[in-house]
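**Q** A single structure is presented below for examination.
The values are calculated or read from the model by the stated rules, or taken from the named source; none is laboratory data. Note that the structure is predicted; figures quoted are calculated from it, not measured. Virtual Cβ from ideal backbone geometry, glycine too; neighbours counted across all protein chains shown. With ligands, DNA and RNA removed, areas are computed over all heavy atoms of the protein, side chains included. Shrake-Rupley method; radii C 1.70, N 1.55, O 1.52, S 1.80 Å.
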Amino acid sequence: MKGYFGEFGGQYVPETLLPALEELEVAFAEACLNKRFQEEFNACMRDYVGRPTPLTHARRLSGHTGLDIWLKREDLNHTGAHKINNAIGQILLARRMGKRRIIAETGAGQHGVATATACALFGLECIVYMGSEDIKRQYINVERMRLLGADVIPVTTGSSTLKDATSEAIRDWVANVDNTYYLLGSAVGPHPYPTMVRHFQSIIGAEARQQILEAKNRLPDAIIACVGGGSNAIGIFSAFLEDPVELIGVEAYGRGNNKNAASIAFGLPGVLHGARSYLLQDKDGQILSTHSIAPGLDYPGVGPEHSWLAYTGRVSYKLVDDTDALAAFSLLTRLEGIMPALESSHAIAYLDKYGQAHKGRTVIVNLSGRGDKDLHTVLGSDL
Amino acid sequence: MISETIKNTPRAIIPYITAGLPSLDKTGEIIKILSRSGAAAIEIGLPFSDPMADGPVIQKASKMAIDAGFSLDGFFCHLNGWCTSTHTPIIVMSYINPVMRRGIYETMDRLKACGVSGLIVPDLPTDPMDIFDISSTIGLDLIRLVAPTTKTDRIRQILDQCMGFVYAVSVKGVTGAREDIPDGLKQQVKSIKSMTDLPVCVGFGVSKKEHVDDILTFADGVIVGSYLIENIIGSPNPTGAVRKAFSRLIE
Ligand SMILES: Cc1ncc(COP(=O)(O)O)c(C=O)c1O
């Protein structure tokens, strides 16, 4: 059925939004076939975002773990994370659709900053919903968004994090659907968002595949990426799904049982924010509150395609907790001179365990973002 | 039969209340009061942690009910008693996740067994065939929403599967009291009515007697939620507050 990955995905939205989703679906399909749109996107990626991002051989980290590690440097993108790929892609689409008011949700603030940046670049109005808890822990990004001209609206309902910011953005969209484009930041939400976000993020995988083939003349043994909603992970996985390459997603295990954000490990299928996917929920179907030290992973759901890839077993999903993510942050900083975002630190942290069982293997880690935004949290920890 | 009841009620007002606000016992009392005060039907909303189609008042009500310990088991314990305490048809509103968590068939079957007449789900999937089939097998009316943005083809498709009454959403937006009723509403209702024999009731934003009077000149009924809930939340005597607030509308 349309917009489904197996049993996951779909469009579970208030009736008011259906025409807007249809309009979006048609506009996206047209844009995909339009050569000029593709050229415009590629030119922005090259001249503004700074793509292709390098694939860096992490020599000292390789020595430390007994693996052959390559880092896909999404941290070197303009604005510091992979989120800009999707933000630019969708802004170009919004322009084609004649929408001038852009709304977005943000957790870590990276998607908010990327959206505010794209709006500044094209002179569009930008409103970003952000949970008040996240505003506290990622205030540097809040200041960046405001400097870029965005209106950052604090959300104080529910757990005051990404889930609630997303609900609030959807409510805004329902009320202002005529003139507003909802720029969703991860591979979640109703169809066509998961497909569209993957499309714009698949540039990560396409580049990484070519780069590793050039460097090693062979495919890697494994790819590792952190999974919040799943956009950086699906972006890099998408180029390797048909290959004999092990794909590993890392979910946030937070402070352990009942205090985490690992929806695939501990969730059951359910509906949140317009799609069916694995969801952290109680026996009554109430959504549970989550915890991760990485705000971008602190979300009770996951994209429908990841739910499907977990269900079929094509991708395996692993757990990394707050403590190990923090340790990985300092490890990468000390060994490679690269400060990863706390989200990306989850993927780095898994290397240790992977290396113990798979010495010598070639692994690409998607370094989804840089850690400047997290200094506040890292310095406040007992590291 | 909800459709008959609404058609036969000259001033058909359907109050919406949140189950478990401020407690399940009080919900039972509120139902009796609304029924005695002349409600055409009563819509009981199940509180959900992430009510995407609701404005601040119902969000707050849902949170208060959940914080006060609302559970589906508790709800089902009371539901049969509520339904038998009144001749007024009871309609349940739930987001889809709690319904799916317990199983669509199981939930609908249980609602029916307790005496509920209809179910409203604000985030049904685009093509809710299973749910539609189950509701007709069980004999529980699946009440569908039509929005101001819904196109004619889609309205026809919805009406084909709709039972009980058509819920015409008055505004582009979430639930919550509004100052005025939107300009295009009368036309919207008229056009839906030209396509169906089902009664058409208007909801979202209705908060004043003038709104009710105005809407009832062209629609078969109105649904009033946030206005009543605001009164329940704001009062030390919720049952008294509901009685007063509702009687202001029904006069
Ligand atoms: C740097 C970084 N990595 C990863 C994520 C997680 O999102 P996703 O799973 O969509 O890649 C975020 C989200 O904010 C992020 O900022």
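**Q** Below 15 Å Cα-Cα, how many Lys pairs turn up in chain A? Only count pairs eight or more apart in sequence, or on different chains, if you could.
**A** Counting lysine pairs in chain A gives 5.
**Q** Students often forget the sequence filter, so: which aspartates and glutamates lie under 13 Å Cα-Cα from B:Lys7 once same-chain residues fewer than 8 apart are removed?
**A** B:Asp197, B:Asp220
**Q** Please build a GNM for chain A, connecting alpha carbons under 10 Å apart, and tell me which residue among A:Gly107, A:Gly235, A:Gly63 fluctuates the most.
**A** A:Gly63
**Q** Then there's this: Taking square-rooted eigenvalues a ≥ b ≥ c of the alpha carbon gyration tensor, is chain A rounded, prolate or oblate, where a/c under 1.5 means rounded and, failing that, a/b exceeding b/c means prolate?
**A** The shape class here is rounded.
**Q** Using 7 Å Cα-to-Cβ label points, what is the B:Arg156/B:Ser136 separation (nm, one decimal)?
**A** 1.8
**Q** Among B:Arg101, B:Arg110, B:Arg36, whose mean-square fluctuation peaks in a Gaussian network model of chain B (Cα, cutoff 10 Å)?
**A** Of B:Arg101, B:Arg110, B:Arg36, the most mobile in the Gaussian network model is B:Arg101.
**Q** With all protein chains present, how much of the accessible area of the protein assembly as shown (probe radius 1.4 Å) comes from carbon and sulfur, to the nearest whole percent?
**A** Carbon and sulfur: 50 percent of the exposed surface of the protein assembly as shown.
**Q** Right, next: First check a/c for the stretch A:93-182, with a ≥ b ≥ c the square roots of the eigenvalues of its C-alpha gyration tensor; if it is under 1.5, answer rounded, and if not, answer prolate when a/b is larger than b/c or oblate otherwise.
**A** oblate
**Q** Once amide H atoms are placed 1.01 Å from N in the peptide plane, what residues at a sequence separation of 5 or more from A:Arg361, or on another chain, have their amide H within under 5 Å of its amide H?
**A** Amide H to amide H, under 5 Å and 5 or more residues apart or across chains, A:Arg361 pairs with A:Asp68.
**Q** Roughly how large is the A-B contact in terms of buried accessible area, totalled over both chains, probe 1.4 Å, nearest 100 Å²?
**A** The A and B chains share an interface burying roughly 2900 Å².
**Q** Follow-up. Answer rounded, prolate or oblate for the stretch B:97-251, using the Cα gyration tensor with square roots of eigenvalues a ≥ b ≥ c: rounded when a/c is under 1.5, else prolate when a/b is larger than b/c, else oblate.
**A** It is oblate, given that a/c is not under 1.5 and a/b is not larger than b/c.
**Q** Mind checking which aspartates and glutamates have their Cα closer than 15 Å to the Cα of B:Lys60? Skip sequence neighbours fewer than 8 apart in that chain.
**A** A:Asp164, A:Glu168, B:Asp50, B:Glu230
**Q** Averaged per residue, what accessible area in Å² does chain A show with a 1.4 Å probe, protein chains only?
**A** Averaged over the residues of chain A, the accessible area is 35 Å².
**Q** Can you tell me the equivalent ellipsoid semi-axes for the stretch A:251-381? Use √(5λ) from the Cα gyration tensor, largest first, whole Å.
**A** Working through the eigenvalues yields semi-axes of 26, 18, 12 Å.
**Q** How large is ³J(HN,Hα) for each residue in the stretch A:112-120, as worked out from phi by the Karplus curve 6.51 cos²θ - 1.76 cosθ + 1.60 (θ = phi - 60°), to whole Hz, x for Gly and Pro?
**A** Working through the residues one at a time gives x, 5, 4, 5, 4, 5, 4, 5, 4 Hz.
**Q** With springs connecting C-alpha atoms under 10 Å apart, model chain A as a Gaussian network and identify which of A:Pro340, A:Pro19, A:Pro190 has the largest mean-square fluctuation.
**A** The residue that fluctuates most here is A:Pro19.
**Q** Skipping prolines and chain starts, which residues have an amide H placed within reach, meaning under 5 Å, of the one on A:Val250, given they are 5 or more residues away or on another chain?
**A** Excluding prolines and chain starts, which carry no amide H, the hits are A:Ala225, A:Cys226, A:Val227, A:Lys318.
**Q** Counting each DSSP H run of 4 or more residues in chain A as -39500 (n - 2.57), what helix-only mean residue ellipticity at 222 nm follows after dividing by all residues, to the nearest 500 deg cm²/dmol?
**A** Helix contribution divided over all residues of chain A: -13500 deg cm²/dmol.
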